[in-house]
Amino acid sequence: MSTAARAAALREQLHQFGHQYHVLDAPTIPDAEYDRLFKELQALEAAYPELLTPDSPTQRVGGKPLDSFASVKHVVPMLSIRTETDTEASGAQAFDTRIRKELALTDADPLVDYVAELKFDGLAMSLRYENGVLVQAATRGDGEMGEEVTQNIRTIGQIPLRLPSDAPKVLEVRGEVYMARGDFEALNERQRARIAAGEKGEKTFVNPRNAAAGAVRQLDPTIAAQRPLSFFAYSLILPPKTQEGLGTILDNCSDGLTHHDIHTQGEALDQLREWGFPVCEHTEVVQGSAGLVAFHQKIAQLRDALPFDIDGVVYKVNDIQKQAKLGFVTREPRWAVAHKYPAQEQLTTVQAIEVQVGRTGKLTPVAKLAPVFVGGVTVTNATLHNEDEARRKDVRVGDTVVVRRAGDVIPEVVSVVLEKRLQDAHIFTMLHQCPVCGSPAVREEGEADYRCTGGLFCSAQRKQAILHFAHRRAVEIEDLGDKLVEQLVDAGVVKTLPDLYRMGFSALVTLERMAEKSANNVLASIEKSKQTTLPRFLFGLGIRHVGEATAKELARHFGKMDAIMDATVDQLLQVADVGPTVALSLRTFFDQAHNREVVEQLRACGVTWAEGEPTAGASLPLAGQTFVLTGTLPTLSRDEAKEMLEALGAKVAGSVSKKTHCVVAGAEAGSKLDKAQELGIKVLDEAGLLALVGEHTAE
Ligand code: IVH
């Protein structure tokens, strides 16, 4: 393909994708893919200026407004920000170096102050206030012309409708409308219920940004009001004091601000906060490139724990006069840059769809993908959850799909790029037989999953059951990994859990790639696992619906294994956290002779734990209190500290809130400690924790 043809093809594609994204709110490719194509076109146009056409997507900021909303001309154009995708150090350094050069600063001059902010993944909004009243809200549109969406924006509780009387007569506030992750999940949950109830025209949303954009562009404001939107303000535009009309301001960094005793972006944000706008707490004034790098790293750590999506951070020169001096290149200010994080969505192709068998026999369809780097790791598998989900997404072998991985969440296929579907792609159908043992697979009424009925006859379930028993949080057999379990089960050495304790050195060394030394290590870690605790043992049995917390409650309540095995459904229901499903599952498990036999044999093999007195009814000293652990303690591991606290009845939670009673902090404790101090929550170090435990154990 000639260079000119490639440029034309890119323009056409970008036009199409830009229209889907900006105008229809129905993107068909991930943002990262769009960025890549956009950059390719930019590079071509830079190398061959004769290829640049006035209608190139690189020459404008966004798409056309929808006809159905009134168009609004932005008095001050809404700019975009130049993007850096480099590593944290080089991206920040490149920006700082450029700024110092433009400002003609020498090495002898002090560090430049920057405001570091989050780059929210929502949509830009301009809010105009006249005489202290919100009169107009407009989307960015193409940067020059936006859409008037005032009615919908008024439904956002976080946006003030009226400002304090000290606010100037005319002003504009800009910021990001977004949907918090929790609100997004809840919205989709409601949408699924509507779809299930047969309501027509309802759909679920792909991601929070998409849902927020849909809500803002909702023509019926009563529907918009039901969509939970949020807002963060990030810029303030004031007319110069001498002229009260906005028309005289030419750019965003108008020194109009400085006439109102606001000389920096930091002060503008403080003023916005004071007037009642939500300004993100993760906003900092930092010095020089080192300050920017530190912020970038800190937010990278925090990203997954934030209650909303971000796609990077934004660095802005703090001083407004310096901003004015730096000015603009086309549509991008020289004084700001967006520094992105690895995308959490990418495109790849589906090479196969396999069905995997889990510990409890659950069959899960899994898409095998061409390896793709997403959310910071290389992904080759993505779950399709179950038959209904696989059918709803209609993923087929050979399809190009959008894969999403955010945080520690299991990667999932978000959607299929239908335009790229091959003609002969086969529809996926769920297996009605276990792919491993051939037993029938059944889907019970009201359940989403098919399950293999083979039980421990099924080698896949057996392998998973053994791995679960050996898990770090169960009886912990350190040297028993998934490869070894696979070999042991396939060779017929281990058929049931007690076989682990019966197999000898000779059975192990005959396995492929098993040296004498490793065989001894395995045997030693199996031996070590014999000394366990009742909750670990109970959890390790892998009873459906009995997780770690439930196992702990059961152990605490009944004290003894036999009491748990013999408890009636009614007695089980007395345990905190145990409902009918869990009670029935326990009863069903222990009603089966072969399961009781496994427990007896494990005991006979020497697996032991301390049994206690039932504490049913009695309350433990820290019952009802919530603790949070953060940082590294000098001698105790996190699990040890957790066990100590839980033994006294405390709950150990992952994040600090008003309901937290106490935070135990070690070295390098981060934001959780800050939050505890902010909320005035009691903080203990390891010595304090041990004293507290000692106090209660002595009682
Ligand atoms: S400032 C002159 N600050 O990024 C710069 N924009 O390309 C004007 N965005 O869609 C924008 N977080 O909605 C700024 N903290 C932040 C931002 C931010 C997200 C978005 C903005 C626009 C895009 C600019």
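The values are calculated or read from the model by the stated rules, or taken from the named source; none is laboratory data. All values derive from a computational prediction rather than experimental measurement. Cβ coordinates were reconstructed from backbone atoms using ideal geometry, including for glycine residues, and neighbour counts include every protein chain displayed. Remember, those area values only see protein heavy atoms, side chains included, never the ligands or the DNA or RNA. Shrake-Rupley method; radii C 1.70, N 1.55, O 1.52, S 1.80 Å.
Summary table below
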| item | result |
| --- | --- |
| Estimated distance in nm for a label pair at ASP166 and ASP591, the labels positioned 7 Å out from Cα along Cα-to-Cβ | 7.2 nm |
| Cα-based helix-to-principal-axis angle, 265-274 vs the chain, degrees rounded to 10 | 70 degrees |
| Counting DSSP beta bridges with both ends in the chain, the antiparallel % (nearest 5) | 80 percent |
| Mean Cα-pair separation over length for the stretch 605-655, i.e. relative contact order, pairs under 8 Å, 6 or more apart, % | 45 percent |
| Relative contact order (percent, whole number), the chain, Cα cutoff 8 Å, 6+ residue spacing | 9 percent |
| With every protein chain in place, the stretch 293-355: carbon and sulfur % of accessible area (1.4 Å) | 49 percent |
| Neighbour-limited loop hits for GluC sites (Glu not before Pro), the stretch 646-686 (at most 13 other Cβ within 10 Å; DSSP other than H, G, I, E, B) | GLU668 |
| Cα centroid of the stretch 312-367 to Cα centroid of the stretch 468-533, whole Å | 43 Å |
| Extension gain, HIS432 back to GLU12 (0.36 nm per residue minus Cα-Cα distance, nm) | 146.7 nm |
| Inter-site label distance for ASN381 and ASP479 at 7 Å from Cα along Cβ, in nm | 2.6 nm |
| Distant-in-sequence amide H partners of PHE328 (H built 1.01 Å from N, under 5 Å) | ARG334 |
| Using a Förster distance of 45 Å, the FRET efficiency for GLU486-GLU50 (Cβ separation, nearest 0.05) | 0.15 |
| Whole-Hz couplings from phi, Karplus 6.51/-1.76/1.60, listed for the stretch 195-210; x for Gly and Pro | 4, 4, 7, x, 5, 7, x, 8, 8, 8, 9, 6, 7, x, 4, 4 |
| Accessible area expressed per residue, the chain, with surrounding protein chains retained (probe 1.4 Å, Å²) | 48 Å² |
| Positive minus negative residues near LEU384 (Lys, Arg vs Asp, Glu; Cβ under 14 Å) | -1 |
| Relative compactness, the stretch 255-412, computed as alpha-carbon Rg over 2.2 N^0.38 Å | 1.48 |
| Spatially proximal lysines relative to LYS362 (Cα-Cα < 18 Å; intrachain offsets below 8 disregarded) | LYS463 |
| Where labels lie 7 Å past Cα in the beta-carbon direction, separation of THR106 and LYS200 in nm | 7.7 nm |
| Residue-wise HN-Hα coupling along the stretch 640-657, computed from phi with Karplus coefficients 6.51, -1.76, 1.60 (Hz; x: Gly, Pro) | 5, 4, 4, 4, 4, 5, 5, 4, 8, x, 6, 9, 10, 10, x, 9, 8, 9 |
| Chain lengthening between ALA186 and LEU422 when straightened (0.36 nm per residue, less Cα-Cα) | 81.5 nm |
| Packing-based ranking, highest mean first, of 540-546, 200-206, 38-44 given that Cβ atoms within 10 Å are counted | 540-546, 38-44, 200-206 |
| In the stretch 499-600, the GluC sites (Glu not before Pro) that fall in loop regions by DSSP, at most 15 other Cβ within 10 Å | GLU512 |
| Calculated FRET efficiency for the pair ALA687/ALA524, C-beta based, R₀ 35 Å, to 0.05 | 0.55 |
| From phi via Karplus (6.51, -1.76, 1.60), per-residue ³J(HN,Hα) for the stretch 551-567 in Hz, x at Gly/Pro | 4, 5, 4, 4, 4, 5, 6, 9, x, 10, 4, 4, 5, 6, 5, 9, 5 |
| Amide hydrogen neighbours beyond the local backbone of ASP311, cut-off 5 Å, H modeled | LYS119, ASP121 |
| Computed over the chain, the ratio Rg/Rh where both radii use C-alpha atoms and Rh is Kirkwood | 1.02 |
| Under-5 Å amide H pairs with LEU684, H placed in peptide plane, nonlocal only | VAL663, VAL664, ALA665 |
| Paramagnetic reach from LYS73 (point 7 Å along Cα→Cβ, amide N under 20 Å) across the stretch 115-159 | 126-130, 135-150 |
